[in-house]
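The structure appears below as structure tokens.
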Amino acid sequence: MARTPGIDVSYWQGAIDWAQVAAAGWKYAFIRATMGTRPTDVDENFYANWDGARSAGLLVSPYLLVKPDLSGAAQAERLMITMGERKSDLPIALDVELTEDQLPDVVSAVLQDIIAYITTHEGRAPVIYTRKSFWDPNVLAGAQWAACDLWVAHYGVESPAIPRDWTAWKFWQWSSTEQVPGVGSANCDANWFDGSYEDLLAYARRESAPLPLPVREVEINLKARVLVTELRVRSGPGLDHPQVDSLHADDVVNITDINGSDVWVEVAPGKWAAFIFQGQKMMRLE
């Protein structure tokens, strides 16, 4: 059976030259997006990795690191807010490898809430990333889990051990120490898709590789820290735009644009907050 190679990355892989990754034959990337419920729980390199991988022609999917001590719906909502207008090629992935000191019934309930939210909003179930040694003792058994395709982690074997609630894998993370051209870190996670590249395109509901994204002429690389107790985040630079989120004291955000009659900053795609409002400084640059 044919297999198709891909990688998964996060902030820890550093700066990535995605053109080199693509040239080396890697066809897709799972990219860490969020690991919580707040604006500061977004992977610092998510947007750069997403845009870079898409521009290089890789199929992409975000992954959410599941925190069982937090609301499942709120975690899924944070992911969707972070994605904005971006569309995932492959099913969204859920990284299930933490208990945060929660018992299996809580871990399972939080995970079910995330799956329900994403399935409703995406029209397809997410992929679950886990390993047998974690899943079997920490998640309650149930037939519902098999509605999500399995992305299993198991290194140094010819065939991975399958967690209790599946019979086969869709993706297999077979190494965490692969040296991938273009990746800033010494080691990178490497994966197989169970099928040919044509099978992968069909799985992604595509007939061909994604078109490159347009390159922005100006790249702003600024951060700001919130100075007030709570700061409203709006869909555009002004009070006439509806509130879509909120920031809190000492939150540090990436600034992607600056605009407005006072001073407004874009802290994520489609989300704006006041930097200076009616003479009061609401944030400072970091």
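Approximating the spin labels as points 7 Å out from Cα along Cα→Cβ, the Ser246-to-Ile276 distance works out to 2.7 nm.
How high is the relative contact order of the chain? Use alpha-carbon pairs under 8 Å, at least six apart in sequence, and give a whole percent. Before the final figure, lay out each step's value.
Values: 629 pairs, mean separation 48.7, N = 286.
With pairs under 8 Å counted, the relative contact order is 17 percent.
Each of Val267, Pro242, Leu150 was placed along the dipole of the chain (beta-carbon charges, centred on the mean Cα), and the one lying farthest toward the positive end is Pro242.
Computed extension gain for Ala109 through Ser133, at 0.36 nm per residue and net of the alpha carbon distance, reaches 6.7 nm.
For the stretch 26-121, what relative contact order do you get, as a whole percent, if you take Cα pairs closer than 8 Å and at least 6 residues apart? Can you show the working numbers first?
Numbers: 144 pairs, mean separation 30.2, N = 96.
After rounding, I find 31 percent.
Stretching the chain fully between Asp101 and Asp69 yields a gain of 10.7 nm (0.36 nm per residue, less the alpha carbon separation).
Principal-axis analysis of the Cα atoms of the chain puts helix 46-55 at an angle of about 60° to the longest axis.
Against the longest principal axis of the chain, how steep is helix 104-122, in degrees 0 to 90 to the nearest 10, with axes from Cα atoms? Tilt of helix 104-122: around 70 degrees. Under 19 Å from a point 7 Å along the Cα-to-Cβ line of Ala2: which residues of the stretch 157-184 have their amide N that close? What the label zone holds, given the 19 Å backbone N cut-off, is 169-172. Which of the following values of Kirkwood radius over Cα pairs in Å was calculated from the structure shown: (1) 20.7; (2) 18.8; (3) 20.0? Structure-derived value, by its label: (3). Only Cα pairs within less than 10 Å get springs; with that Gaussian network setup on the chain, which residue of Glu44, Glu97, Glu230 has the largest fluctuation? Comparing Glu44, Glu97, Glu230 in the GNM, the peak value goes to Glu230.
In this structure, the amide hydrogen of Arg131, modeled 1.01 Å from its nitrogen in the peptide plane, lies closer than 5 angstrom to those of Ala153, counting only residues at least 5 positions away or on a different chain. Based on C-alpha pairs under 8 angstrom that are at least 6 apart in sequence, the stretch 146-194 has a relative contact order of 33 percent. Taking 22 Å as R0, compute the FRET efficiency from the Cβ-Cβ separation of Asn187 and Glu44 and round it to 0.05. That gives a FRET efficiency of 0.70.
Report, to the nearest 10°, how far helix 72-83 tilts away from the longest principal axis of the Cα atoms in the chain, using its own Cα long axis and a range of 0 to 90°. Once rounded, the angle reads 70 degrees. This model, with +1 at the C-beta of Lys and Arg and -1 at the C-beta of Asp and Glu, gives the chain a dipole about its Cα centre of some 280 debye. Backbone geometry of the stretch 132-144 corresponds, through the Karplus equation with coefficients 6.51, -1.76 and 1.60 at θ = phi - 60°, to 3J(HN,Hα) couplings of 4, 5, 8, 4, 4, x, 10, 10, 5, 5, x, 5, 5 Hz, x marking Gly and Pro. Of the beta bridges in the chain, as assigned by DSSP with both residues counted there, near 60 percent are antiparallel.
Label positions at Thr177 and Lys223, each projected 7 Å from the Cα along the C-beta direction, are separated by 3.1 nm. Per-residue Karplus couplings for the stretch 17-24, computed as 6.51 cos²θ - 1.76 cosθ + 1.60 with θ equal to phi - 60°, are listed in order as 8, 5, 4, 5, 4, 5, 5, 7 Hz, Gly and Pro entered as x. Place a point 7 Å from Cα of Ala23 in the direction of its Cβ. Which residues in the stretch 160-185 have their backbone N less than 16 Å from it? Flagged as within label range: 180-184. Under a 10 Å cutoff between Cα atoms, tell me which one of Trp135, Trp151, Trp12 has the largest fluctuation in the Gaussian network model of the chain. Judging by the Gaussian network model, the answer is Trp12.
Remark on Ile255: its backbone amide H falls under 5 Å from those of Leu222, Lys223, Ala224, a criterion applied only to residues 5 or more positions apart or on other chains, H modelled at 1.01 Å from N. Rounded to the nearest 500, the helix-only mean residue ellipticity at 222 nm of the chain stands at -6500 deg cm²/dmol, with each DSSP H run of n ≥ 4 adding -39,500 (n - 2.57).
Any read-out appearing in this document is the output of simple, stated calculations on the displayed coordinates, not a laboratory observation. Remember, predicted model here, so these are calculated numbers, not experimental data. FYI the Cβ positions are ideal-geometry reconstructions off the backbone, even for glycines, and counts take in every protein chain you see.
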